[in-house]
1. Using θ = phi - 60° and the Karplus curve 6.51 cos²θ - 1.76 cosθ + 1.60, what whole-Hz ³J(HN,Hα) does each residue of the stretch 30-41 get, with Gly and Pro shown as x?
2. Under a 5 Å amide H to amide H cut-off, with H placed in plane at 1.01 Å, what residues pair with Thr90 once short-range neighbours are removed?
3. Would you calculate the separation in nanometres between label points at Ser122 and Asp74, each defined as 7 Å from the Cα along the Cα-to-beta-carbon direction?
4. Leaving out ligands, DNA and RNA but keeping every protein chain, what accessible area does Glu88 have, in Å² rounded to the nearest 10, with a 1.4 Å probe?
5. Taking the Cβ of Ser21 as the centre, find all other residues whose Cβ is under 14 Å away and add up their charges (Lys, Arg: +1; Asp, Glu: -1).
6. Accessible area per residue for the chain in Å², computed with a 1.4 Å probe and the full protein assembly in place, what is it?
7. Quick one: with all protein chains in place, what share of the accessible area of the chain is carbon or sulfur, to the nearest percent (1.4 Å probe)?
8. So what is the relative contact order for the chain, in percent, with contacts set as C-alpha pairs under 8 Å and at least six apart?
Amino acid sequence: QVQLVESGGGLVQAGGSLRLSCEASGSFGNYVMGWFRQVPGKEREVVAAISWGGSNIVYAESVKGRFTISRDNDKNTLYLQMNSLQPEDTAVYYCAAAPYGHASKDYRSYNFWGQGTQVTVSV
């Protein structure tokens with residue numbers, strides 16, 4: 001099992017940047033990791049996902065070129081660098097882990113979830 005704790009959310013103006021972190025307890029290096037987001041009334045959607053070695057990365061089309069996912073397996077930490085933030089990026093952002101498989105965009109592939117961190121982008 002792995003426990004996930006996100007941090008780094010907050011309020012930022014449009015065009016600004018934030019860096020989310022997700023610290024994992026337990027074994028981390030063999031897990032596929034992902035960032036997802038959700039707004040009330042909508043299904044949870046992928047932001048980005050990364051394989052255990054970092055060689056396979058996928059992004060949602062809406063964040064390509066603006067967001068960067070990365071991981072430091074020695075520190076058991078997953079990151080999401082978010083640049084050029086827009087109001088439509090406002091959501092609760094969740095970190096997720098899957099013990100096997102590829103970097104999937106499907107939230108149902110992930111077994112473990114953090115509690116979420118709020119990101120709010122103002123106009």
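The values are calculated or read from the model by the stated rules, or taken from the named source; none is laboratory data. Note that this is a predicted model, so its numbers are computed, not measured. Counting neighbours? That spans all protein chains shown, and the Cβs are built from the backbone with ideal geometry, glycine included. Quick note on the areas: whole protein, heavy atoms, side chains included, nothing else; ligands and nucleic acids left out. Shrake-Rupley method; radii C 1.70, N 1.55, O 1.52, S 1.80 Å.
1. My calculation for the stretch 30-41 gives 8, 8, 6, 10, x, 10, 10, 9, 8, 10, x, x Hz in order.
2. Amide H neighbours of Thr90: Val121.
3. If labels sit at Ser122 and Asp74, their model points lie 3.9 nm apart.
4. 130 Å²
5. Once positives and negatives cancel, what remains is 0.
6. Details: 6240 Å² over 123 residues.
For the chain, the per-residue accessible area is 51 Å².
7. Here it works out to 47 percent.
8. Details: 321 pairs, mean separation 45.2, N = 123.
In percent, rounded to a whole number, it is 37.
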